[in-house]
Amino acid sequence: MSKIAILTDSSCDIPQELAERYGIDVFGFPITLDGKTYIERQDFTQDEFYQMMRSAQGVPSTAAITSLQFFERFCQYMDEGYTELLLVTLNRGGSSTYDNALLAMARLDEERPGHGFKIRLVDSRTYSMAFGWYLCEAARRIRNGAEVEYAARQLEEEMDREEICLAAFTLRQMKKSGRISAAAAFAGELLGLRPVVSLIDGKTKVEAKVRGDAAVAPAMVKYVKSRVENLAELEYQIAGTDNPERLKELEKLCKKEFGHPPVNVFKLGGAVSANTGPDSLAIAFLGRPRGGLKG
């Protein structure tokens, strides 16, 4: 009889309650800020991290989950009697985490030949609950008896449609992470411009620059509307960091313009907000299929 484990990294931003409900294990990312390294989900809450970023002299940096960590976790699962694993990572293009998982799988084959432990690895191609929400659905399918391969393919089909529209009101982290150029960040700070950024298949692009904070949410909604064919069927989530009033305004506008509320409202976690800053908004939504599935 199969015994199935489900593993992801903390960029998923899945609330602990949901992770426990669906039996999802979460690797916490190391995050370094002002020379001290913390582990997400262990050493701070989301709100504490926002305040840490605001009071820090520098900006945070993240490190990948290592191949050794993956290898040790694989061995642990095997020793505990697990027969299969669904492993989902953040965007491969933005971190070596996915490739480190591949290295760990190869090492497992070398050190435990014929082990019989099946690992299904999925590159989410995105970040945060943009994939975490659908990983919870995959986990629910598996817990209700679905095969791992079926749940993984369904997840990949959803990720082939998933897009993010992101905006930041402070630009230090966006500049450091490469989401926007140093020149664009300087101009934004000087002129009060706010970039509206798309994230599709792990690639970012500045879609618009608006002047002033009040213009941000309307520009985000306008972009999302340009990417979907049927607003009535639009499945979307909204997210923010340390800006509850702006998040409420965005939710209100989305309800009005899309005709229905989001399926989920959530906070961006440490690994994600380390790259967006403590003043960010996002809309994650299912757009048109892009045909990016493999095999």
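Could you give the size of the charge dipole of region 46-168 about its Cα centre, using +1 on the Cβ of each K and R and -1 on the Cβ of each D and E, expressed in debye and rounded to the nearest 20?
That gives region 46-168 a dipole magnitude of about 120 debye.
Helix hunt in the chain: which complete DSSP H runs extend at least 15 Å axially by C-alpha with mean Kyte-Doolittle at least -0.5?
67-79, 97-111, 129-143, 216-227
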- Message: Taking θ = phi - 60°, what integer Hz values does the Karplus form 6.51 cos²θ - 1.76 cosθ + 1.60 yield along region 114-120, in sequence order, with x for Gly and Pro?
- Response: x, 5, x, 8, 8, 10, 9
- Task: Write down the percent of antiparallel bridges among all DSSP beta bridges whose residues are both part of the chain, to the nearest 5.
- Result: 60 percent
- Query: What part of the accessible area of region 1-52, given as a whole %, is carbon or sulfur when the probe is 1.4 angstrom?
  - Reply: 46 percent
- Query: Residues of the chain: accessible area per residue at 1.4 Å, in Å²?
  - Reply: 46 Å²
- Message: Per 0.36 nm of contour for each residue apart, how much would the distance between Lys252 and Arg288 grow if the chain were fully extended, relative to their Cα-Cα spacing?
- Response: 10.5 nm
- Item | Euclidean distance of C-alpha centroids, region 111-162 and region 219-250, integer Å | 25 Å
- Note: Asp201 to Asp79 extended length (0.36 nm per residue) minus current alpha-carbon separation gives 40.4 nm
- Note on the structure: For region 1-104, listing trypsin sites (Lys or Arg not before Pro) in a DSSP loop whose Cβ sees at most 13 other Cβ atoms within 10 Å gives Lys3
- Message: Please list, by residue number, every one of the GluC sites (Glu not before Pro) in region 38-121 that is coil in DSSP and has at most 12 other beta-carbon atoms within 10 Å.
- Response: Glu80
- Query: Any idea which of Ile24, Val206, Ala101 is furthest toward the positive side of the dipole for the chain, if Lys and Arg beta-carbons carry +1 and Asp and Glu beta-carbons -1?
  - Reply: Val206
- Query: For region 212-295: lysine pairs with Cα atoms under 23 Å, gap of 8 or more or different chains, count?
  - Reply: 15
- Task: Identify, among Thr37, Tyr82, Gly114, the residue whose Cα sits farthest towards the positive end of the charge dipole of region 1-117, taking +1 on the Cβ of Lys and Arg and -1 on the Cβ of Asp and Glu, with the dipole about the Cα centre.
- Result: Thr37
- Selection of GluC sites (Glu not before Pro), region 212-289, meeting DSSP coil and at most 11 other Cβ within 10 Å: Glu229
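With r defined as the distance between the Cβ atoms of Arg112 and Ala56 and R0 fixed at 45 Å, what FRET efficiency is calculated, to the nearest 0.05? Intermediate results must be reported in sequence, preceding the final value.
Working: r = 43 Å, r/R0 = 0.95.
It comes out at approximately 0.60.
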- Item | Cα-based Kirkwood hydrodynamic radius, the chain, one decimal, Å | 19.7 Å
- Item | Rounded to 5, percent antiparallel among DSSP beta bridges of region 186-295 | 75 percent
- Item | Where labels lie 7 Å past Cα in the beta-carbon direction, separation of Arg140 and Val263 in nm | 0.8 nm
- Shape of region 58-153 from its Cα gyration tensor (a ≥ b ≥ c, root eigenvalues): rounded if a/c is under 1.5, otherwise prolate when a/b > b/c, or oblate? oblate
- Task: Please give the calculated 222 nm ellipticity per residue for the chain, where each DSSP H segment of at least 4 residues contributes -39500 (n - 2.57) and the sum is spread over every residue; nearest 500 deg cm²/dmol?
- Result: -12500 deg cm²/dmol
- Report the extension gain between Glu229 and Glu147 in nm, rounded to one decimal, defined as 0.36 nm multiplied by the number of residues separating them, less their alpha carbon distance. 26.3 nm
- Query: Just from the alpha-carbon atoms, what are the Rg and Dmax of region 194-247 in angstroms?
  - Reply: 12.1, 32
- Item | Local net charge near Asp99, Cβ-Cβ under 15 Å (Lys/Arg +1, Asp/Glu -1) | +1
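The values are calculated or read from the model by the stated rules, or taken from the named source; none is laboratory data. These figures come from a predicted structure and were not determined experimentally. Ideal geometry is used to build each Cβ from the backbone, glycine not excepted, and the neighbour counts take in all protein chains shown. Calculation scope for accessible area: heavy atoms of the full protein, side chains included, ligands and nucleic acids excluded. Shrake-Rupley method; radii C 1.70, N 1.55, O 1.52, S 1.80 Å.
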